Amino acid sequence: MSEPWRAIAERKRAERQSRIPKAWLVPSLPSGNGNLIGKHLDILSNSELHITQDYDATDLLFALATRKFTSEAVATAFCKRAAIAQQLTNCLTEILFDDAVARGKYLDAEFARTGKPVGPLHGLPISLKDTFKIKGHDASVGVAALCFKPATTNSALVDLLLSLGAVLYCKTNIPQTMMALDSHNNVFGRVRNPANGVLTAGGSSGGEGALIAMRGSILGIGTDVGGSIRIPALCNGLYGVKPSHGRTPYAGQEGGAPEGSSKVAIEATAGPIVHSMRDCEMFLRVIGDSRPWLFDPDCVAQSWSQQNSISSPMPASAVKQKPVLRVGIARTDGHVTPLPPVQRVIDNVASALRSSSFGSATSIEVVDLDLSSLLSRCLKVSNGIFSIDGANTWFDLLESTSEPLSPWLQSRLRRRPAKSVDEIVKLQAQRIALQNEALQIWRPDSNGNEIHVLICPAAPHPIALVDRWNSVNYTSAFNLLDLPAGVLPVRSVAEEDLGVELKAGKELNGWDKTNREMWGEKERREYLGSMLSVQVVAPRLQERVLVEAMGVVDEVLRGKRSYLHS
């Protein structure tokens, strides 16, 4: 039987390889599963190494605006480092290096002509998940049937980024169908975790996570409908934020679904994956202040300064006080009990925040919350909405070139009848009921005190082995509820974490049983040294509150790194 997908995939990989200049090729690819971060950097000049290694996006923008570096030099440096990352981790899909260098030259010429930067993102290289459409380039999302069909229009966020002066230079790898948490597809292959090849790079924005961990990018844009920004950020020790729908432009993506179908589903959102918390704030502030509602009709017409803040102004007659950040700690979703390192890092963070209440610029109050009843009921509704089309569009695309499902999906995804209108209405009614119930989290208590943010796990286990990610409910619940959420790194898994045994008791369900099996003597040794992160969640459309709170938490944790291992 003919399998056209194989020839298409071979041509597509050859096209990708041809777009890496010969002078940028790595002389010999490493074998084994060791740490690849910082390898083969001799391809870079000293200046290029400095540009890609020593700046976050915020600092680099300042250097560009003050003409310390030209846009051409910065674009070239990141193209070269992205080429290295691609050869070592297989993180890229579309390579736009020639376009990026030409764009850098144009921005330099405009700066010289006008005497000012083109926009607030002038010259900043930004990487994009493959789902974003860039005119003249494929958005194949790793499916053979969509290869060699270049986009004729840009996604909304692409148009906005270009208007702000950004340089777009590559798109990044994803899992087939984007329904997996490990980024593998038949066209481009699997993304490797740069720090440890035994562990997953995450998904579905796994290529972004790997590229940024390798510093082939310092600001990448992923998308998230169930955890696809937060999980790759977690897997690569990075910061990532999933906004509520309507905060950043999302229109015009390739998602393997009919146009308009998202309106009866869970809306995906676009957000940053970065190396610093302030870069999350910078990106969301710049987008919010650039009238995104003129690029995507779903965007809320509200600037950054108009959003709520954790430091509300005090009345003139009031005694000046430090802003108070009230944090709710939710330790479990009630569906899968977190493994010992995850429980311990949540305890570490809660203790660090409590002990910092009088030592930081913000007073912090910590409250324990039990959200297990609410969150455990989210999973069934999420799964029901995710499957409304029965995966028929994906199967139609795959079958048109005789392409098989990737191995992980073969036992998990099959064609089903699309849900009826009545079934969809029922699911959406259940979702609305859960969203209304979730409002109770944020309502003032009897003393008038409100919770600003939640802190909870982003997964019930540490960074999983390849193709072993378990429950996604710790992230997908907040997509269902449409709450903005982000992850930030805390500390590495330590020897003392590995010595903690599971508590005796009956498994909650099959997912919980599988999770417990991930704490076997052999498995747990693989987690040693990998990063543990926490998730922070805010009320709907309160991204400014979210990143301000994440910034406070990150500042506290960075000052208490040794304490966190106790």
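Some values worked out for this structure:
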read-out	value
The range 249-278, subset touching a Lys or Arg at 6+ places or on another chain (Cβ under 7 Å) and either β-branched (Val, Ile, Thr) or assigned to a strand (DSSP E or B) (or both), residue farthest from Ile424 (Cα to Cα)	Gly271
Qualifying position, being in contact (Cβ under 8 Å) with a residue 24 or more places away in the chain, buried (at least 23 other Cβ atoms within 10 Å of the Cβ) and in contact with a helix residue (DSSP H, G or I) (Cβ under 8 Å, 6 or more places away or on another chain), among Ser276, Ser290, Ser311, Ser244	Ser244
Members of the range 440-454 found to be outside any loop (DSSP other than H, G, I, E, B) and either open to solvent by 80 Å² or more (accessible area, probe 1.4 Å) or in contact with a strand residue (DSSP E or B) (Cβ under 6 Å, 6 or more places away or on another chain) (or both), listed by number	Gln440, Val453, Leu454
Filter result for Lys116 (of a type in the set (D, E, K, R) and surrounded by 14 or more Cβ atoms within 10 Å (Cβ to Cβ))	no
Odd one out for Asp389 among (1) within 22 Å of Ala180 (Cβ to Cβ); (2) part of a helix (DSSP H, G or I); (3) touching a residue at least 40 places away in the same chain (Cβ under 8 Å)	(2)
Odd one out for Val349, checked against (1) modelled with pLDDT of 95 or more; (2) open to solvent by 10 Å² or more (accessible area, probe 1.4 Å)	(2)
Long-range neighbours under 8 Å by Cβ, at least six apart or interchain, first residue free of Cβ contacts under 8 Å to residues at least 60 places away in the same chain and within 16 Å of Thr76 (Cα to Cα) within the range 101-112, second hydrophobic (A, V, I, L, M, F, W, C) and assigned to a helix (DSSP H, G or I)	Val101/Ala75; Val101/Cys79
Filter result for Gly202 (on the phi > 0 side of the Ramachandran plot, modelled with pLDDT of 95 or more, in contact with a Leu (Cβ under 7 Å, 6 or more places away or on another chain) and surrounded by 24 or more Cβ atoms within 10 Å (Cβ to Cβ))	yes
Output for the range 187-199, where each listed residue is within 24 Å of Glu15 (Cα to Cα), open to solvent by 10 Å² or more (accessible area, probe 1.4 Å) and of a type outside the set (D, E, K, R)	Gly189
Sole exception among (1) assigned to a helix (DSSP H, G or I); (2) surrounded by fewer than 17 Cβ atoms within 10 Å (Cβ to Cβ); (3) within 27 Å of the chain's Cα centre (by Cα) for Pro341, by number	(2)
Residues located in the range 262-311, provided they are within 22 Å of Pro323 (Cβ to Cβ), touching a Gly at 6+ places or on another chain (Cβ under 9 Å) and polar (S, T, N, Q)	Gln302, Ser303, Ser305, Gln306, Gln307
Yes/no for Leu124 being over 27 Å from Glu3 (Cα atoms), surrounded by 24 or more Cβ atoms within 10 Å (Cβ to Cβ), out of contact with any helix residue (DSSP H, G or I) (no Cβ under 6 Å at 6 or more places or on another chain) and in contact (Cβ under 8 Å) with a residue 40 or more places away in the chain	no
Hey, Ala485 open to solvent by less than 10 Å² (accessible area, probe 1.4 Å) and either among the polar types (S, T, N, Q) or closer than 24 Å to Asn33 by Cβ (or both) or not	no
Among the candidates Glu496, Glu548, residue that is open to solvent by 70 Å² or more (accessible area, probe 1.4 Å), assigned to a helix (DSSP H, G or I) and touching a residue at least 12 places away in the same chain (Cβ under 8 Å)	Glu496
Evaluation of Glu399 against (1) in contact (Cβ under 8 Å) with a residue 12 or more places away in the chain; (2) farther than 26 Å from Val472 by Cα; (3) open to solvent by 10 Å² or more (accessible area, probe 1.4 Å) (one fails), failing number	(1)
Residue identified as open to solvent by less than 60 Å² (accessible area, probe 1.4 Å), closer than 30 Å to Ala7 by Cβ, among the hydroxyl-bearing types (Ser, Thr, Tyr) and out of contact with any Phe, Trp or Tyr (no Cβ under 9 Å at 6 or more places or on another chain) among Ser406, Ser411	Ser406
Helices (runs of 4 or more DSSP H) enclosed by the range 21-113 - at least 2 residues per element that are buried (at least 17 other Cβ atoms within 10 Å of the Cβ) and not aliphatic (A, V, I, L, M)	46-53, 71-89
Test: residue in the range 526-543 that is assigned to a helix (DSSP H, G or I), at pLDDT 95 or above and either out of contact with any Leu (no Cβ under 7 Å at 6 or more places or on another chain) or crowded, with 24+ Cβ neighbours inside 10 Å (or both)	yes
Qualifying residue in the range 417-438 (condition: in a loop (DSSP other than H, G, I, E, B), open to solvent by less than 10 Å² (accessible area, probe 1.4 Å), at pLDDT 95 or above and touching a Lys or Arg at 6+ places or on another chain (Cβ under 9 Å))	no
Qualifying residue in the range 352-371 (condition: out of contact with any Pro (no Cβ under 7 Å at 6 or more places or on another chain), at pLDDT 95 or above and of a type in the set (Ser, Thr, Tyr))	no
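The values are calculated or read from the model by the stated rules, or taken from the named source; none is laboratory data. Just so you know, these numbers come straight off a predicted model, no measurement behind them. Please note: Cβ atoms are built from the backbone with ideal geometry, for glycine as well, and neighbour counts cover all protein chains shown. Only protein heavy atoms, including side chains, enter the accessible area calculation; ligands, DNA and RNA are left aside. Shrake-Rupley method; radii C 1.70, N 1.55, O 1.52, S 1.80 Å.
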